[in-house]
Amino acid sequence: MPLYDLPLAELETYRPEVPEPEDFDGFWARTLAEARTVEVDVRLARVDTGAEARGDLRRHLRRRSRRG
């Protein structure tokens, strides 16, 4: 069980003082501009796993993880 040094009510409203880096906006503007230049060829395909309901999927993944 995790241990916390503040009561739950204080944890829910806690906002640490984290200074924004000087070049924060510039960094993200450059990063997003660069990401937009990358050509992406996304293809979605339905895969029949035999697991239709969420519970079935969890059981399926647990069985697979036990196999190694």
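Each value in this text was obtained by applying a stated rule to the coordinates, not by laboratory testing. Small disclaimer: the values here were computed from a predicted structure and weren't measured. With ideal geometry, Cβ positions are generated from the backbone for all residues, glycine too; neighbour counts draw on all protein chains shown.
In the chain, the DSSP-assigned H stretches of four residues or longer account for a calculated mean residue ellipticity at 222 nm of -14500 deg cm²/dmol, using -39500 (n - 2.57) per stretch and the full residue count as denominator.
On the beta carbon distance between GLU39 and HIS60, with R0 = 30 Å, the FRET formula returns roughly 0.30. Computed on the Cα atoms alone, the convex hull of the chain gives a volume of 269 cubic angstrom per residue.
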